[in-house]
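These notes are about the structure you will find just below.
The values are calculated or read from the model by the stated rules, or taken from the named source; none is laboratory data. Predicted, not measured: the structure shown is a model, and the values here were computed from it. So basically every Cβ, Gly included, is an ideal-geometry build from the backbone, and we count neighbours across all protein chains shown. What goes into the accessible areas is simple: the full protein's heavy atoms, side chains included, and nothing from ligands, DNA or RNA. Shrake-Rupley method; radii C 1.70, N 1.55, O 1.52, S 1.80 Å.
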Amino acid sequence: MPTRTKIKQLLQEAKVGEEIKVAGWIRSNRAQKTFSFIELNDGSTLGNFQIVAQNELFDSSDLTTGAAIIATGKLVESPGGKQKVEMQAEKIELVGGCPADDYPLQKKRHSFEFLRTIAHLRPRTNTQGAVARVRNALAFASHRFFQERGFLYLQSPIITSSDCEGAGEMFQVSSLDLNKPPKNKDGSIDFSQDFFGKPAFLTVSGQLNGEAYATALSDVYTFGPTFRAENSHTARHLAEFWMIEPEMAFADLADTAKIGEEYLKYLVKYAKENCEEDLNFFDQWVEKGLHKRLDHVLEAPFAYIPYTKAVEILQKSGEKFDFEPKWGIDLQTEHERYLTEKHAKKPVIVTDYPKEIKAFYMRENDDNKTVAALDILVPKVGEIIGGSQREERYDRLEAKFREHELDIEHYKWYLDLRRFGSVPHSGFGAGFERLVQFITGMENIRDVIAFPRVPGQVEF
Ligand code: 4AD
Ligand code: MG
């Protein structure tokens, strides 16, 4: 009995005449008079594998769309021309029984909205299969990119007591009984009786921990889940998303911009070289012109625009924006998209934002008005990377905590990094789902993560 071969491998390596065994899920079964064409998919590749089976080999009412089968037979040339090879089945085994009548995935196009309601079954569709394979490739390529450059992979904690972005958008983690929490005399909740002895949260970013390791091991990166309790209902926000966060010692903002650009180009190149079939699919069905857009990312150097200049460009653009661009106000998605899609027509690195709109840890520039921050904006998605040089000067950082009204007690260990061998250091965070959107052209971030978590939605 030959061992099972995945369809991808089979199409690359198997020879006509060989005995093979395939296993997967039926996408369709077209019965002719004496035999049937079964289209089988096992997720290893986009395309289905055609099995030609005499009708006496199986009970036709069993082998419906969604059924799992193991088929054994001979690989033969396919006369049809749609595919090069197919299987002449000798044995077909139904695994797991005949699917119930209400199997929701029929051979037609389903809307992405509908598919989100059956997120447990949508990986069996072409689009979700392709997204999963590209996502997998991009995760691997991310590790490879940083490993090739001598970065050390750090697993930073998920549960934390510090708010990295200082924005107060954290989910609280507690083992107290929410119905009757212990109280202090003044009526407030007594967190000394909670699991950690004080309030704890799901992390919004691994950066602060990354800084501790970068100021010992030089170059590190995290790649893990992060959480934001912000009530955003957009096509670019999730409550749970994955972030890649490199942090480099003895590095400034320019080093960070350079590695950010290299990283994005590396991912595009990797996807083009390793996910050709899936990208062709996205180019045909999801975003016409995807290949061209991606090629263009590789061709040109990214544009560098300081924030102050960006605001001028927006003000002079003659565009009608919902939010009027104004110095001191954060760029909105419509502004970001104008800069990258219409002005530069390529990715843009916006630098040196007003300090008031950025996080406490960013290094203040000599103008005392801006900080050494950067956002990398790309067509379609807008902000895909956010980073900065970190404030490495003890006094300046301490003053920042006061300005931002943050409790220094929570950040004492972080300040310590500025007391013991402090060095200029810098890093960024890349939103992994936005990277997948950028490379696949998928419009909605809820369709590039397996089980999206957004306000009001924690199904599956
Ligand atoms: O710009 P952000 O908030 O930066 C940080 O968290 C820094 N601590 C990163 C660092 O310097 N180490 O987030 C970084 C990126 C954004 O550019 C965006 O791509 C993504 O994370 N992101 C989100 N992705 C999906 N859903 C959300 N709610 C996101 N918020 C941020
Ligand atoms: Mg940001």
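Counting only protein heavy atoms and using a 1.4 Å probe, the accessible area of residue 39 comes to about 20 Å².
Please give the charge dipole size of the chain, origin at the Cα centre, charges +1 on K and R Cβ atoms and -1 on D and E Cβ atoms. Round to the nearest 20 debye. Walk me through the intermediate numbers first.
Working: 59 positive and 69 negative charges, 232 e Å.
It works out to roughly 1120 debye.
Relative to the longest principal axis of the Cα atoms of the chain, the long axis of helix 394-403 lies at roughly 80 degrees. Seen against the Cα atoms of the chain and their longest principal axis, helix 276-285 is set at about 90 degrees.
Report the normalised scattering of segment 258-357 as log10 I(q)/I(0) at q = 0.10, 0.11, 0.25 Å⁻¹, calculated by the Debye formula with identical scatterers on the alpha carbons. One equal scatterer on each Cα of segment 258-357 leads to -0.36, -0.43, -1.25. The residue among 89, 66, 78 whose Cα reaches farthest toward the positive pole of the charge dipole of segment 7-106, with charges on the beta-carbon of Lys, Arg, Asp and Glu, is 78. The protection proxy used here, the mean number of other Cβ atoms lying within 10 Å of each residue, ranks peptides 422-428, 168-174 as follows, highest first: 422-428, 168-174.
Per residue, what accessible area does the chain have, given a 1.4 Å probe and all protein chains present, in Å²?
Details: 22470 Å² over 460 residues.
About 49 Å² of surface per residue is accessible.
Subtracting the Cα-Cα distance of residue 19 and residue 193 from 0.36 nm times their residue separation leaves 56.1 nm of extension gain.
Remark: the residue 262-residue 33 segment gains 76.7 nm on full extension, using 0.36 nm per residue and subtracting the alpha carbon distance. Once the gyration tensor of the Cα atoms in segment 295-427 is diagonalised, the equivalent ellipsoid follows with semi-axes of 31, 17, 11 Å, ordered largest first.
Axis angle, to the nearest 10 degrees, between helix 290-299 and the longest C-alpha principal axis of the chain: 50 degrees. Qualifying chymotrypsin sites (Phe, Trp or Tyr not before Pro) in segment 242-340, where qualification requires a DSSP coil assignment and no more than 15 other C-beta atoms within 10 Å, comprise 250, 321, 323, 327.
Roughly how many percent of the accessible protein surface of the chain is carbon and sulfur, given a 1.4 Å probe and a whole-percent answer? Kindly include the intermediate steps, with their values, before the conclusion.
Details: 11510 of 22470 Å².
Looking at the chain in its full context, I get 51 percent from C and S.
Note on residue 6 and residue 90: the extension gain reaches 28.4 nm, defined as 0.36 nm multiplied by sequence separation minus the Cα-Cα distance.
Eigen-decomposition of the gyration tensor built on the alpha-carbon atoms of the chain gives equivalent ellipsoid semi-axes of 48, 27, 21 angstrom, largest listed first.
Based on Cα atoms of segment 391-460, Rg over Rh with Rh as the Kirkwood radius reads 1.21. Segment 14-90 and segment 186-241 have Cα centres separated by 49 Å. Mean residue ellipticity at 222 nm, helices only, the chain: -8500 deg cm²/dmol; runs of at least 4 DSSP H residues each add -39,500 (n - 2.57), and the sum is divided by the number of residues.
Where does each of 393, 434 land when they are ordered by accessible area, with a 1.4 Å probe and the largest first?
Details: 393 60, 434 35 Å².
So the residues, ranked largest to smallest area, are 393, 434.
Computed on protein heavy atoms with a 1.4 Å probe, the accessible areas place 355, 84, 185 in the order 185, 84, 355, largest first.
How long are the semi-axes of the equivalent ellipsoid of segment 163-295, defined as square roots of 5 times the Cα gyration tensor eigenvalues? Whole Å, largest first. Please report the intermediate quantities before stating the final value.
Details: eigenvalues 319, 102, 26 Å².
Equivalent ellipsoid of segment 163-295: 40, 23, 11 Å, largest first.
What FRET efficiency would be calculated for the residue pair residue 457, residue 61, taking the C-beta separation as r and a Förster radius of 35 Å, to the nearest 0.05? Could you put the intermediate results ahead of the total?
Working: r = 37 Å, r/R0 = 1.05.
Between residue 457 and residue 61 the formula returns 0.40.
Pairs over the 25 Å Cα-Cα cut-off, from the set 8/258; 326/346; 21/84; 8/82: 8/258. Assuming charge only on the beta carbon of Lys and Arg (+1) and of Asp and Glu (-1), the dipole of segment 7-106 about its Cα centre is about 360 debye to the nearest 20. Rounded to two decimals, the Cα-based Rg/Rh of segment 7-106, with Kirkwood Rh, is 0.94.
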